[in-house]
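First the structure, in the form of structure tokens, and then the observations on it.
The values are calculated or read from the model by the stated rules, or taken from the named source; none is laboratory data. In this text the structure is predicted, and so the values were computed from the model without any measurement. Quick reminder, even Gly has a Cβ in these numbers, built from the backbone with ideal geometry, and neighbours come from all protein chains shown. Heavy atoms of the whole protein, side chains included, go into the accessibility calculation; ligands, DNA and RNA do not. Shrake-Rupley method; radii C 1.70, N 1.55, O 1.52, S 1.80 Å.
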Amino acid sequence: MDPTTDNAGSSDRARSSLEALRTEISKAVVGQDPAVTGLVVALLCRGHVLLEGVPGVAKTLLVRALAASLELDTKRVQFTPDLMPSDVTGSLVYDARTTEFSFQPGPVFTNLLLADEINRTPPKTQSSLLEAMEERQVTVDGTPRPLPDPFLVAATQNPVEYEGTYPLPEAQLDRFLLKLTVHLPSRDDEIAVLRRHAEGFNPRDLSAAGVRPVATAADLEAARAAVAKTTVSPEITAYVVDVCRATRESPSLTLGVSPRGATALLSTARAWAWLTGRDYVIPDDVKNLALPTLRHRVQLRPEAEMEGVTADSVINAVLTHVPVPR
């Protein structure tokens, strides 16, 4: 068999599996297609996701449905003010029988970690995730311990309730590949949600709702290999750089997008191109992923914020003014 043909078939199978994944999640979550797509893109890019939305818009359910559809191990940590770093990473425990200390893994040792209300815990505990998110390992007592693969942190936060919260520092925000805004559903979608509940849908029992694994870790690995082969022309690379550099010159921002942000935008655009059936990136791929990839990597000036300027509006203005390659 021609290896090229075999690779193409493997790529097509992986794409079909991930499309089925999006369909499967919709059995539990209604009207959040952009957030679902963002989570799939993050998996393809080995990135992490920050989900922001008011309480009750299915942020937690979305992550649980993703795990159930992928047959991945998942754990949930409710971040609270008294949570300690060892409650996340694990710690050394004394064993009286052996008179030795043994490592007890924390919930971070999983494929999909749901960090619920991450901004409710102090910076000391927030920072316990930095090494895990960046290095994909946890160091306890000087010994590095690798995390499983795939590994994704899906953190949630409430954008309207700030009392008793600890805003994520820029260094931690920059570790998230995407910041996805989970909006309130439309009227029709909300009616569909209530209809499902009236028919007996139980969000705590996803298997009863018909959510089943439709993609494996092997499918995900094949998809990642295919994304890595997606062609990026020099013009597209220059376009990504120009978009990110333009944010640094915006008068509304005190902090623009870093080179890490530019790398992230290139990665997410490649993943989106592959998901839509192409093996090359076009400018629209960059535009489609610019908001979720960059909105948390910029910092507004206080005076601009008071005038109602948002990170999204600044990025949209940049996309309007930066010349698009032909």
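The table that follows gives values for the structure above.
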| read-out | value |
| --- | --- |
| From 57, 77, residue being without any contact (Cβ under 8 Å) to a residue 60 or more places away in the chain and closer than 27 Å to residue 122 by Cβ | 77 |
| Pick from the range 260-286, criterion among the basic types (Lys, Arg) and surrounded by fewer than 24 Cβ atoms within 10 Å (Cβ to Cβ), ranking: farthest from residue 18 (Cα to Cα) | 260 |
| Residue ID - surrounded by the fewest Cβ atoms within 10 Å (Cβ to Cβ), chosen from residues in the range 166-191 that are of a type outside the set (D, E, K, R) and part of a helix (DSSP H, G or I) | 171 |
| Considering residues of the range 225-246 that are of a type in the set (S, T, N, Q) and either under 21 Å from residue 72 (Cα atoms) or in contact with an Asp or Glu (Cβ under 7 Å, 6 or more places away or on another chain) (or both) only, the residue most open to solvent (accessible area, probe 1.4 Å) | 231 |
| Some residue of the range 204-224 being of a type in the set (A, V, I, L, M) and closer than 25 Å to residue 255 by Cβ | no |
| Strands (runs of 3 or more DSSP E) within the range 22-96 that include 2 or more residues open to solvent by less than 30 Å² (accessible area, probe 1.4 Å) | 49-52 |
| Per-region count, the range 203-224, residues free of Cβ contacts under 8 Å to residues at least 24 places away in the same chain and surrounded by 12 or more Cβ atoms within 10 Å (Cβ to Cβ) | 2 |
| Qualifying residue in the range 247-259 (condition: surrounded by 16 or more Cβ atoms within 10 Å (Cβ to Cβ), aliphatic (A, V, I, L, M) and part of a helix (DSSP H, G or I)) | no |
| Breaking point among (1) in a loop (DSSP other than H, G, I, E, B); (2) of a type outside the set (Val, Ile, Thr); (3) modelled with pLDDT of 90 or more, for residue 201 | (3) |
| Qualifying position, being under 29 Å from residue 12 (Cβ atoms) and either among the charged types (D, E, K, R) or in a helix (DSSP H, G or I) (or both), among 222, 154 | 222 |
| Some residue of the range 303-312 being open to solvent by less than 40 Å² (accessible area, probe 1.4 Å), in a helix (DSSP H, G or I) and out of contact with any helix residue (DSSP H, G or I) (no Cβ under 6 Å at 6 or more places or on another chain) | yes |
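Each row is one residue, and each column tells you yes or no for (1) among the small types (Gly, Ala, Ser); (2) at pLDDT 85 or above.
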site	(1), (2)
5	no, no
10	yes, no
67	yes, yes
79	no, yes
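For every residue, the table says whether it meets (1) touching a Lys or Arg at 6+ places or on another chain (Cβ under 8 Å); (2) open to solvent by 10 Å² or more (accessible area, probe 1.4 Å); (3) modelled with pLDDT under 85.
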{"position": "123", "(1), (2), (3)": "no, yes, no"}
{"position": "130", "(1), (2), (3)": "yes, yes, no"}
{"position": "139", "(1), (2), (3)": "yes, yes, no"}
{"position": "142", "(1), (2), (3)": "no, yes, yes"}
{"position": "153", "(1), (2), (3)": "no, no, no"}
{"position": "164", "(1), (2), (3)": "yes, yes, yes"}
{"position": "193", "(1), (2), (3)": "no, yes, no"}
